[in-house]
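Please find one structure pasted underneath; my questions will follow.
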Amino acid sequence: MSEILESYIAGRWIAGTGDGRPVHDAVTGEVVTRVSSEGIDMGEVVAHARTKGGPALRAMTFPERAAALKAAATSVQEGKDELYALSARAGCTARDSAVDVDGGIGTAMVYASLGRKGLPEGTVVVEDDFIQLGKEGSFGGRHVLTSPHGISLQINAFNFPVWGMLEKLAPALLAGVPTIVKPATPTAYIAAAAVRMMIDSGALPEGALQIVAGSIPGLFDELGGQDHIGFTGSAGTAAVLRRDPAVTERSAHFNAEADSLNASVLGPDAVPGEPEFDLFVKALVTEMTVKAGQKCTAIRRAIVPESQLAAVADAVRERLSGVVVGAPGAQGVRMGALVGTDQRADVQQAARQIADAGTVVFGDLDSVDVVGADAQQGAFMSPVLVRIDDADRPEPHEVEAFGPVSALMGFRDADHAVELLARGEGSLAGSVVSADPDFVSAIIAGAAPWHGRILVLDRDSAAESTGHGTPMPQLVHGGPGRAGGGQEEGGLRAVYAHLQRTAVQGSPAVLDRLG
Ligand code: NAP
């Protein structure tokens, strides 16, 4: 499959021209495919979504859209094995693929269910009872939410080609807005395979879903105030895109999910021997190694009482030493490869900056023992834990090494822990691992303004806990500041975010008829 990856636009699969950008197998280094959008007319893509997909979706009721979403997600479920096999070429173990593929399908299914149960029969959501605005009660207001006549451009990061796509597609579909997916180049072939399953299933009306593999020059020029751009990726790319006149002059909605230096805090009560100590260590190692640490929510900073630094370092080291790195599927392998050798070079460089601020207490930045593959041909890297003795150094709070790298540092008291959490300048996910309710409350109250989500982990909830790194579709995913300032998911909030909210004013009789 090393020819140009096809895009699905205006009802047909079409390959871009030119040589394309080669995408390499993360494990063997072979070329998997080439990505090019050269020759694809972005105006045609947008026009097709506007003239075919939009009207077709808007003509469907919320329950009909929910049923279509469920059927589309079912087709991906049926093709799961193929997606697992493709994901292995991107370095993913079966555990990693479960997070992306099953996580994506599960998210779409939750949205189908929320759409069926939580949205009205028709095409309009009415909010609020009559809000009286006049003295006598003959005049008031309510809000209606309707589908804009626009498109949803979804620009995704490489690390979640399936989940990242489905968590954006689901609310857009329910909102009656057609989607154009722009997958990240390194894993575009996985996203395209999932799109092919949904298109072949016939679940969606034509024009409701298109995918452009490769760059999208000129596409933003087509966008304006009825359109929604959902971006996931680095803070740098987000900054470039949010300056586009489509956003700054024509008011296209722009939602960004960017990088973040998520942290986990160990409570002073959680000394070795307490269940919370083990929960903390286990969660940290899981977050460092699942998807080889290429998760936007992974724990980059482990913040523990100063008195526990040595004990935590020892326990993490012991657990990490049992993690076998190698080819997905090879005997005993628990951690796969990074997505590519370029990405590995970026991670090594960032990790070096963090290491310069402290001491590497586990792993090696430049070498790793690998099972079932060649360590240099494939994009393998050892998990790396860096102990930072001066927690106030800037590096661990500012540098994102988007791989299996975490920094361990100490705090003096709850206020200091909150101060360190806030040094991330805005995170997607934080956790506090403690059974001390006062400490937990202090961390939540102090750190919430800097976080999109805070997980409290203790012995009572551990068995059912979904973990630090897993956004749940029912809850908000996103974070302030550095994390992009956006919000996704959060149940039906994500659907409402795609709808136009209009205040309607009039008499009680007029407003009553709205629904
Ligand atoms: P990236 O380099 O910023 O790319 C993200 C997406 O933007 C890709 O699809 C990329 O396409 C596209 N892109 C780049 N320049 C563009 C332009 N001028 N116009 C339109 N699209 C453009 O990020 P990445 O390397 O894929 O992902 C890693 C980063 O994403 C990490 O920093 C991670 O923390 C963050 N992330 C955040 C979340 C979250 O939910 N907050 C989730 C996952 C990842 P090409 O690949 O074709 O260049």
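With r defined as the distance between the Cβ atoms of Thr359 and His416 and R0 fixed at 25 Å, what FRET efficiency is calculated, to the nearest 0.05?
So the FRET efficiency works out to roughly 0.75.
Moving on to the next point. If I stretch the segment between Ala445 and Ile131 completely, what's the gain in nm (0.36 nm per residue apart, minus their alpha carbon distance), one decimal?
109.7 nm
A further question follows. Contour minus end-to-end for Ala71 and Val240, with contour as 0.36 nm per residue of separation and end-to-end as the Cα-Cα distance?
Gain on stretching Ala71 to Val240: 57.2 nm.
If packing is taken as the average count of other Cβ atoms within 10 Å, what order do 147-153, 13-19, 310-316 fall into, highest mean first?
Final packing ranking: 147-153, 310-316, 13-19.
Leaving out ligands, DNA and RNA, and with a 1.4 Å probe, what % of the accessible surface on region 159-242 is carbon or sulfur?
Looking at region 159-242 in its full context, I get 56 percent from C and S.
I've got another one for you. Give the distance, in whole Å, between the Cα centre of region 411-471 and the Cα centre of region 50-126.
Region 411-471 and region 50-126 have Cα centres separated by 31 Å.
Between Thr17 and Val124, what length in nm is gained on full extension when 0.36 nm per residue of separation is reduced by their alpha carbon distance?
Additional length available on full extension: 34.3 nm.
At 7 Å along the Cα-to-beta-carbon direction for both Glu249 and Ala345, put a label point, then send me their distance in nm to one decimal.
Output for this residue pair reads 3.7 nm.
Out of Gly363, Ala98, Ile216, whose Cα points farthest toward the positive end of the dipole of the chain (charges: +1 Lys, Arg; -1 Asp, Glu; placed on Cβ)?
Positive-most Cα among the choices belongs to Ile216.
What's the ranking of 252-263, 456-467, 218-229 by average number of surrounding C-beta atoms within 10 Å, highest first?
Result, highest mean Cβ count within 10 Å first: 252-263, 218-229, 456-467.
Next question. What is the spin-label model distance, in nm, from Val271 to Ser113 if the labels are put 7 Å beyond Cα along the C-beta direction?
The two pseudo-label positions are separated by 4.3 nm.
Still on this structure, I have one more. Can you give the local net charge around Asp389? Use residues other than it whose beta-carbon is closer than 15 angstrom to its beta-carbon, Lys and Arg +1, Asp and Glu -1.
Net charge in that neighbourhood comes out at -1.
Mind pulling the angle between the C-alpha long axis of helix 163-174 and the longest principal axis of the chain? Nearest 10 degrees, somewhere in 0 to 90.
20 degrees
Need the C-alpha centroid separation for region 8-31 versus region 177-199, integer Å.
12 Å
Follow-up. Counting each DSSP H run of 4 or more residues in the chain as -39500 (n - 2.57), what helix-only mean residue ellipticity at 222 nm follows after dividing by all residues, to the nearest 500 deg cm²/dmol?
-9500 deg cm²/dmol
Now for a separate question. Modelling each spin label as a point 7 Å along the Cα-to-Cβ direction, I'd like the Ser307/Asp366 distance in nm, to one decimal.
Here the answer is 4.1 nm between the modelled labels.
Which percent, to the nearest 5, of DSSP beta bridges fully inside region 263-472 are antiparallel?
The answer is about 10 percent antiparallel.
Give me the 1.4 Å probe accessible area per residue for region 263-472, excluding ligands and nucleic acids, in Å².
With the other protein chains kept in place, region 263-472 gives 38 Å² per residue.
Using Cα positions and a limit of under 24 Å, work out the lysines in reach of Lys70, with same-chain residues fewer than 8 apart set aside.
Lys52, Lys80, Lys117, Lys168, Lys182
So, one more: For region 263-472, what % of the accessible area comes from carbon and sulfur atoms, probe 1.4 Å?
After summing per-atom areas, the C and S share lands at 46 percent.
Still on this structure, I have one more. Which percent, to the nearest 5, of DSSP beta bridges fully inside the chain are antiparallel?
Looking only at bridges with both residues in the chain, the antiparallel portion is about 40 percent.
I've got another one for you. Nearest 10 degrees is fine. How inclined is helix 437-447 to the longest principal axis of the chain, computing both from alpha carbons?
60 degrees
By its C-alpha gyration tensor, with a ≥ b ≥ c as the square roots of the eigenvalues, how is the chain shaped: rounded for a/c under 1.5, else prolate for a/b larger than b/c, else oblate?
Oblate.
Beta carbons within 10 angstrom, averaged per residue: use that to sort the peptides 480-489, 496-505, 184-193, highest first.
184-193, 480-489, 496-505
Report, to the nearest 10°, how far helix 62-78 tilts away from the longest principal axis of the Cα atoms in the chain, using its own Cα long axis and a range of 0 to 90°.
Helix 62-78 and the main axis of the chain meet at about 40 degrees.
The values are calculated or read from the model by the stated rules, or taken from the named source; none is laboratory data. Predicted, not measured: the structure shown is a model, and the values here were computed from it. All Cβ positions, even for glycine, are placed from backbone atoms using ideal geometry, and neighbour counts span all protein chains on display. The protein model used for the area step is the full one, side chains on, heavy atoms only, and it has no ligands, DNA or RNA in it. Shrake-Rupley method; radii C 1.70, N 1.55, O 1.52, S 1.80 Å.
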